[in-house]
There are 2 protein chains.
Amino acid sequence: MFKKVTIVGLGLIGSSMARGIKEQGLAETLVAADRDQDVCDKVTELSIADEVTSNLEEGVKESDLIILAVPVGAIEDVGKAIGPFLKPNSIVTDTGSVKQSVVDSLQPFLPDSVHLVPAHPIAGTEFSGPEAGFSELFHGRWAILTPLPETSIKAVEKITALWEALGSTIEIMGPKHHDLVLGITSHLPHLIAYTIVGTATDLEDDVKSEVLKFSASGFRDFTRIAASDPTMWRDVFLHNRVAVLDVLQRFTEDLTALQKAIRRGDGDYLYKVFDETRDMRKQIIEMGQAEYAAAPGMADASPAGTPPVVAPHKGSASSG
Amino acid sequence: MFKKVTIVGLGLIGSSMARGIKEQGLAETLVAADRDQDVCDKVTELSIADEVTSNLEEGVKESDLIILAVPVGAIEDVGKAIGPFLKPNSIVTDTGSVKQSVVDSLQPFLPDSVHLVPAHPIAGTEFSGPEAGFSELFHGRWAILTPLPETSIKAVEKITALWEALGSTIEIMGPKHHDLVLGITSHLPHLIAYTIVGTATDLEDDVKSEVLKFSASGFRDFTRIAASDPTMWRDVFLHNRVAVLDVLQRFTEDLTALQKAIRRGDGDYLYKVFDETRDMRKQIIEMGQAEYAAAPGMADASPAGTPPVVAPHKGSASSG
């Protein structure tokens with residue numbers, strides 16, 4: 001599919017792409033470039049790339065495809081560094097969780113002859129680093145592409161083919177719209193999870209130890225989300241500030257209304273809200289994004305982001 | 001173990017207990033009592049009790065053990081109705097998610113010769129009704145007992161034996177302390193999940209459909225929790241008002257601090273909070289309440305609430 005591919009940044013996403021690209025034979029030569037020498041050593045040890053370098057400028061030379069799998073906050077620096085070394089007609093793509101700021105901070109440093117196709121794979125775990133990656137990470141997941149109106153269709157087709165080969169389903173939308181949708185589905189839930197786990201962290205020691213002990217009653221689900229990579233998430237919130245603050249405002253208003261209902265003992269309001277939210281779950285199940293309990297104890301299903309792959313697993317308790 | 005046992009309220013919890021008691025042969029006669037005739041018909045159809053009645057007063061007569069598995073808000077009414085019909089020296093227990101209010105609203109209606117042992121199994125799914133129950137629901141879970149200082153030790157031992165026979169591990173604590181701990185581990189997470197799903201429900205239709213489509217990026221975990229029984233949860237919030245409003249206040253303060261950091265672009269503060277919360281997850285994993293990724297794609301583990309049972313399953317995405 002490509003002659004030479006360079007992945008810049010070998011964390012969970014970058015190293016998973018490296019494994020998938022090798023397994024599927026999508027590149028004649030695969031270069032792993034990471035400024036962190038420890039990461040380079042680990043990648044060499046794992047044998048998931050043909051060449052490994054801590055020199056980004058060297059790494060991208062003669063590459064047909066450059067994949068930037070670095071935190072959103074590092075995109076501008078990396079773009080500035082590699083811009084002058086990019087081959088004419090090469091394609092640059094990324095994997096960042098925010099898209100408008102990636103376009104804004106990368107575009108100015110790319111030569112006119114280079115094609116930028118921003119991308120965002122909706123996949124991940126709460127683990128980080130090159131050893132956390134695995135080639136199946138993108139199977140049955142969405143990959144969202146946010147090309148600009150002037151982007152060459154051929155370049156978009158190539159990135160589409162890349163993600164399809166890695167097992168993903170493609171969706172195309174504008175970068176600003178992406179940032180709003182993900183602000184609700186991903187950024188706000190992560191912010192809330194970080195907050196609630198942070199609140200528990202501040203508790204007196206004896207209560208805290210019991211919170212850990214009885215975490216299966218709801219709290220545990222939040223700790224998994226709140227264990228995600230802090231650098232990546234700091235950058236997400238700094239770079240999707242407007243959309244996040246907007247949805248956070250709506251959330252706070254709704255929470256205040258529930259708080260008031262609890263204080264006043266307004267059971268009718270509480271019931272109404274709790275009843276309406278059930279419908280969202282039903283719709284997600286109907287779309288095949290989650291599964292109704294198939295057997296005793298299977299309260300939830302599938303980590304899959306798209307309809308084709310649905311593998312049930314045991315869910316956590318939703319007890320009181 | 002018991003001659004005659006009556007379960008009042010045959011929802012998810014009551015019907016699961018019925019199945020477990022039958023399977024383990026813990027009662028010579030098991031009576032299912034529910035005021036809802038539809039539920040009684042369903043229970044008869046499922047054959048999970050020896051006798052089925054919609055008359056609670058009839059149902060509890062001559063019983064040695066009466067289990068109240070009704071929403072917390074219905075406890076007082078039920079206690080008032082059955083109180084005069086209870087056999088001397090019988091034991092009354094419950095399964096409510098709030099304990100102080102259960103003690104307060106039940107105790108006045110019980111004859112002095114009857115032993116009250118309040119209990120709370122930390123188990124559940126987001127599904128409701130007699131057909132949603134299964135006998136393994138309590139396997140490897142905690143059951144918290146909150147007996148009063150004057151409660152007979154023999155009665156506490158019998159309820160301990162009951163829950164152990166159903167597969168649970170016992171913890172004993174005071175009712176007020178229970179309400180604070182569960183306020184953090186369970187009630188606050190559910191309130192937050194209901195809120196965030198409610199916020200998404202109010203979105204414009206085109207954005208909402210995309211929220212459903214890309215729900216795997218974090219939002220989906222919240223929809224499962226927010227699909228829980230609305231009546232049960234309305235009652236939890238009305239009956240654990242003080243503890244819930246207290247932890248909600250702390251949560252709101254912490255969220256406001258993060259909001260301010262996002263607005264000001266204070267990356268150091270965001271990183272600090274996001275880094276500290278990782279530690280909670282580590283401690284839960286070390287306690288055996290969740291498992292570290294054992295294989296590719298296994299980002300999370302086990303629905304178990306207690307150490308003995310740990311069965312890995314595929315976790316959801318924690319992507320940006």
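The values are calculated or read from the model by the stated rules, or taken from the named source; none is laboratory data. Given the structure is predicted, the values throughout are model-derived calculations rather than measurements. Counting neighbours? That spans all protein chains shown, and the Cβs are built from the backbone with ideal geometry, glycine included.
Give A:L245, A:L238, A:L258, A:L212 a once-over and let me know the one that is under 25 Å from A:L12 (Cα atoms), outside the structural domain of A:L106 (by TED's automatic domain parsing), of a type in the set (A, V, I, L, M) and touching a helix residue (DSSP H, G or I) at 6+ places or on another chain (Cβ under 7 Å).
A:L238
Residues being crowded, with 16+ Cβ neighbours inside 10 Å and not in a helix (DSSP H, G or I): count how many of those fall in the stretch A:231-272.
Number of matching residues: 2.
Here is a list of conditions, (1) without any contact (Cβ under 8 Å) to a residue 24 or more places away in the chain; (2) assigned to a strand (DSSP E or B), and A:L116 meets all of them except one; can you say which number that is?
Result: A:L116 passes all but (1).
Go through the stretch B:204-227 and give me each residue that's outside any helix (DSSP H, G or I), within 7 Å of chain A (Cβ to nearest Cβ) and under 18 Å from A:D179 (Cα atoms).
Once the filter is applied, which keeps residues that are outside any helix (DSSP H, G or I), within 7 Å of chain A (Cβ to nearest Cβ) and under 18 Å from A:D179 (Cα atoms), the stretch B:204-227 yields B:F214, B:G218.
Condition test on A:K80, is it of a type in the set (K, R) and touching a helix residue (DSSP H, G or I) at 6+ places or on another chain (Cβ under 6 Å)?
Values: of a type in the set (K, R): yes; touching a helix residue (DSSP H, G or I) at 6+ places or on another chain (Cβ under 6 Å): yes.
Against the criterion (of a type in the set (K, R) and touching a helix residue (DSSP H, G or I) at 6+ places or on another chain (Cβ under 6 Å)), A:K80 qualifies.
Every residue, every condition in (1) among the small types (G, A, S); (2) buried (at least 16 other Cβ atoms within 10 Å of the Cβ); (3) not assigned by TED's automatic domain parsing to the domain that holds A:R241, yes or no:
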{"site": "A:K22", "(1), (2), (3)": "no, yes, yes"}
{"site": "A:A33", "(1), (2), (3)": "yes, yes, yes"}
{"site": "A:C40", "(1), (2), (3)": "no, yes, yes"}
{"site": "A:E45", "(1), (2), (3)": "no, no, yes"}
{"site": "A:D64", "(1), (2), (3)": "no, yes, yes"}
{"site": "A:P71", "(1), (2), (3)": "no, yes, yes"}
{"site": "A:G83", "(1), (2), (3)": "yes, yes, yes"}
{"site": "A:L86", "(1), (2), (3)": "no, yes, yes"}
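Among B:F134, B:F85, B:F127, which is the only one that is of a type in the set (F, W, Y) and more than 14 Å from chain A (Cβ to nearest Cβ)?
That would be B:F85, the only listed residue that is of a type in the set (F, W, Y) and more than 14 Å from chain A (Cβ to nearest Cβ).
Criterion first (assigned by TED's automatic domain parsing to the domain that holds A:A165 and without any contact (Cβ under 8 Å) to a residue 24 or more places away in the chain) does A:Q100 satisfy it? Working first, answer last.
Values: assigned by TED's automatic domain parsing to the domain that holds A:A165: yes; without any contact (Cβ under 8 Å) to a residue 24 or more places away in the chain: no.
Spelling it out, it is not the case that A:Q100 is assigned by TED's automatic domain parsing to the domain that holds A:A165 and without any contact (Cβ under 8 Å) to a residue 24 or more places away in the chain.
Return the total of residues in the stretch B:139-158 being under 15 Å from B:I67 (Cα atoms) and either in contact (Cβ under 8 Å) with a residue 40 or more places away in the chain or within 14 Å of chain A (Cβ to nearest Cβ) (or both).
The qualifying residues number 6.
Only one of A:V92, A:V60, A:V52 is modelled with pLDDT of 95 or more and closer than 20 Å to A:P147 by Cα; which? Lay out the reasoning, then the answer.
Numbers: A:V60 fails: closer than 20 Å to A:P147 by Cα; A:V52 fails: closer than 20 Å to A:P147 by Cα.
Result: A:V92 is the single residue among A:V92, A:V60, A:V52 that is modelled with pLDDT of 95 or more and closer than 20 Å to A:P147 by Cα.
One line per residue, one yes/no per condition, for (1) more than 21 Å from the chain's Cα centre (by Cα); (2) modelled with pLDDT of 95 or more:
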{"position": "A:A81", "(1), (2)": "yes, yes"}
{"position": "A:P84", "(1), (2)": "yes, yes"}
{"position": "A:E126", "(1), (2)": "no, no"}
{"position": "A:H139", "(1), (2)": "no, yes"}
{"position": "A:A143", "(1), (2)": "no, yes"}
{"position": "A:T146", "(1), (2)": "no, yes"}
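Residues are listed down the side, and each one gets a yes or a no for (1) outside the structural domain of B:E45 (by TED's automatic domain parsing); (2) surrounded by fewer than 23 Cβ atoms within 10 Å (Cβ to Cβ):
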{"residue": "B:P121", "(1), (2)": "no, no"}
{"residue": "B:L145", "(1), (2)": "no, yes"}
{"residue": "B:I153", "(1), (2)": "no, yes"}
{"residue": "B:L182", "(1), (2)": "yes, no"}
{"residue": "B:D206", "(1), (2)": "yes, yes"}
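Search the stretch B:32-53 for residues that are on the phi > 0 side of the Ramachandran plot and pair each with any residue that is charged (D, E, K, R) when their beta-carbon atoms are under 9 Å apart and the residues are at least 6 apart or on different chains.
As it stands, the answer is B:S47/B:K22, since those pairs meet every condition given.
Please give the number of the condition A:L116 fails out of (1) at pLDDT below 95; (2) more than 14 Å from every other protein chain (Cβ to nearest Cβ).
(1) is the only condition that A:L116 fails.
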